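The values are calculated or read from the model by the stated rules, or taken from the named source; none is laboratory data. Predicted, not measured: the structure shown is a model, and the values here were computed from it. Don't worry about glycine lacking a Cβ; one is built from the backbone with ideal geometry, like all the others, and counts go over all protein chains shown. Surface accessibility is based on the protein's heavy atoms, side chains included, excluding ligands, DNA and RNA. Shrake-Rupley method; radii C 1.70, N 1.55, O 1.52, S 1.80 Å.
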Amino acid sequence: MGNRVKGRPKQKSIKAASHSKMGSKRKLSRMGKKQKANNSGLEATFIGRSKCLKMLQVTIKDFRRLCILKGIYPREPRGRVPGKKKGQTFYHIKDIRAIAHEPILEKFREFRSFMKKIRRAAGRNERDEAARKNAVCPTYTLHHLVRERYPRFEDALSDLDDALTLTYLFAALPTTTAIKAKMGSKAKAIAAAWGAYCSTAGCITKSFISVKGVYLEANIRGIPIRWVVPHSFTQFLPEDVDYRVMATFFEFYETLLHFVLFKLYNDLGVRYPLPEIEAGGEVKGSTSFILSANLRSLGNAMNSSTGAITKVVTDTLEGDQAAAIKGSIKHKSKEEKRKERELINTVGAALDNIKEDENGSMDDDEDEEEDEAEVDVAGPLKAALETLAEDEARAMTRGDESNLDDDALKRRRLFAGLTFFLSREVPRGYLELVALAYGAKVGWEGPNSSISANDPSITHHIVDRPTLLSSYSSLPKSREFVQPQWILDCANFMFLLPIAKYGVGVLLPPHLSPWVDNEEEGYKPAYAEEIERLKNGEPIEMIQEEAEKSDTEEMFGDKEAIDDGKKDNEKEEEEEAEEEESDDDNQAKKKESAERRRKKEEKEAHELAKSMMSRKAAHLYGRMQHGIAQKQAKVEALSTRRREIEHSKEKDETGKTPLKQKVERLKKERKRIEDEYSNTGGSMKKSKKRRA
């Protein structure tokens, strides 16, 4: 009988279907273990925001701040989301568990209870008690979060783009109820400290002026860092922006930038933060004053013996430095002096060869070829000049610049020996940064400037006016007046451009972006080609003559295309007559037909290969060809626009530009159509309705 009980129905067989009326326990034995709730599927991996607030027992305001400070963002669940949970904000369950053990969460709870006590005392009119309690307000730091999110210094450098952009934005925003004055002053100080380091280390590589602001890029330890500096205008604050979220981001970025700047200044051997300097006659809260003060204090700290981290460290390092210097001198006497002697001998042989070529006769060509093969003149001279320039640049650098790499030294040599003076209408911030990073000396029209306007050492006076002021006539004549774009273009192309196109009141050349790869785009602007030829050593007059020649050829080519078909027919008849008379023309015609036949065969083979492709490969190939065609159309549109702009500058015999001729031609065409339409009894002119 087994486990059969009298009076109860017989159990189903174990072989019965699972959907039959078997008990739950028996069904579990067949189907497997029952899964508990929230242990599998969407609920086991992701959690909604409302559940997060219940789990952490915080308000949505504190939860948002915690997520920003910890770097936790909403997740998109993989797979299908149930219909009742669509549109919800999900977070990963592991992120929420990490927040639950965060020390800042406990500080937020302490602050919430502290504010309750303050409000209670203020409601009872106990001002002394409220003031006493306010002195012991709970505080917190974000240092452990920075070390947790950025375990390596390179990780912090690669994440500085947004931090610097937001810092420069807060430095330019006015003080409101949402943006406190203390926050703006902190942003200005951090931006000035960053700018002082970039200009001192010479790490600014690219710059570009746009409508949104001035884009700058610095290269630190091989990591490009790009940020935007807003223009010096009155900023408009939109009402639909939550400035509390921006303030929370700035709270974390402030700590991050302090960490990064401390490390960078530590590498230079300077204590951070820098000491404050008196304002003098300048506005102390302005960004330009803070930048110049940081630059002066950084220069003083690096030039002084007490500018190291601590005096104890400096004293302990003096003995090691002296020993290293002695070792380097001994090492130089063996290795470097031998290389210098070899270089001098090669250069001396090259110079002797040049003298023999000048004094000797030109009769024997073979002897000259042998001499040239024995001693290469260009190579040793170029190497010697480059090494001499690098040694001279390193010898002229201060102690703070001796650790710069080769690229930074090349940037330093661009404006070396030049002195810029900025007029009062020129924005000082980014221009001073770029000029100092590339080795120039900078003065400005205002207090605390180390260079006065009448200084004869000024080489370039930066002016942003349509005409010069009458007071500038009394200044020394040894300077050049240029517009601010000249500094940025020279820095981007690493070449001192001619100032004729950047004079006062002159229409400026196009300001090209340094982040556009012309080879990848397939189109190179005319001004970029001109600068490349200047860098190759071609004279300016030759470049201008060839440009005018190409313009005239293109213009005449367009005019011939617009002409009537009579001249074309006459030319075709003449060409046919010449082809019949000469055999050379017949051969050329045969070559052309053979070329046409070859292209046709290639096209047929291409179509055949395309038909043999699979459906997926053909679709991919079609998308590739579509992208190539779009890119080619864009290049052709740019070339056509460039050609039209160049032709619009030319004038005909009556002094009218092609654009004006086109307008007159269109007017005549419209008048002719109106006359033809008026003969039919209608009118194309708009009737003026009289108002009742």
Seminar exercise, completed: Of those in the stretch 129-143 that are open to solvent by 60 Å² or more (accessible area, probe 1.4 Å) and in contact (Cβ under 8 Å) with a residue 40 or more places away in the chain, the residue farthest from PRO103 (Cα to Cα) is HIS143
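Conditions tested, residue by residue: (1) in contact with a helix residue (DSSP H, G or I) (Cβ under 6 Å, 6 or more places away or on another chain); (2) touching a residue at least 60 places away in the same chain (Cβ under 8 Å); (3) open to solvent by 50 Å² or more (accessible area, probe 1.4 Å); (4) on the phi > 0 side of the Ramachandran plot.
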site: GLU480; (1), (2), (3), (4): yes, no, yes, no
site: TYR502; (1), (2), (3), (4): yes, no, no, no
site: VAL506; (1), (2), (3), (4): no, no, yes, no
site: TRP515; (1), (2), (3), (4): no, yes, yes, no
Exercise. In this structure, does SER471 turn out to be surrounded by fewer than 22 Cβ atoms within 10 Å (Cβ to Cβ), under 23 Å from SER232 (Cβ atoms) and of a type outside the set (A, V, I, L, M, F, W, C)?
Worked result: no
Exercise. Which members of the stretch 76-103 meet the condition of being touching a residue at least 40 places away in the same chain (Cβ under 8 Å) and under 18 Å from TYR140 (Cα atoms)?
Worked result: ILE99, ALA100, PRO103
For this session: Scan the stretch 81-97 and give yes if some residue there is open to solvent by 60 Å² or more (accessible area, probe 1.4 Å), in contact with a His (Cβ under 9 Å, 6 or more places away or on another chain) and at pLDDT 85 or above, otherwise no.
Result: no
Exercise. Only one residue in GLU592, GLU604, GLU674, GLU646 is out of contact with any strand residue (DSSP E or B) (no Cβ under 6 Å at 6 or more places or on another chain), modelled with pLDDT of 80 or more and open to solvent by less than 100 Å² (accessible area, probe 1.4 Å), so which one is that?
Worked result: GLU674
Exercise. What tally of residues in the stretch 445-463 results from selecting those that are touching a residue at least 40 places away in the same chain (Cβ under 8 Å) and crowded, with 21+ Cβ neighbours inside 10 Å?
Worked result: 4
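Every residue, every condition in (1) open to solvent by less than 70 Å² (accessible area, probe 1.4 Å); (2) under 30 Å from THR141 (Cα atoms); (3) at pLDDT 70 or above, yes or no:
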position: LYS6; (1), (2), (3): no, no, yes
position: SER29; (1), (2), (3): no, no, no
position: LEU69; (1), (2), (3): yes, yes, yes
position: ILE72; (1), (2), (3): yes, yes, yes
Problem set entry | Filtered residues of the stretch 496-517 (kept if of a type outside the set (A, V, I, L, M, F, W, C) and under 16 Å from the mean Cα position of the chain (by Cα)) | HIS511, SER513, PRO514, ASP517
Seminar exercise, completed: Taking first residues from the stretch 242-256 that are touching a residue at least 24 places away in the same chain (Cβ under 8 Å) and second residues anywhere that are open to solvent by 30 Å² or more (accessible area, probe 1.4 Å) and not in a helix (DSSP H, G or I), the pairs with Cβ under 6 Å that are 6 or more apart or on different chains are TYR243/ALA178
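Within the stretch 207-228, how many residues turn out to be of a type in the set (Val, Ile, Thr) and open to solvent by 20 Å² or more (accessible area, probe 1.4 Å)?
4
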Problem set entry | Among (1) farther than 25 Å from LEU274 by Cβ; (2) surrounded by 13 or more Cβ atoms within 10 Å (Cβ to Cβ), the one test that LEU164 misses | (1)
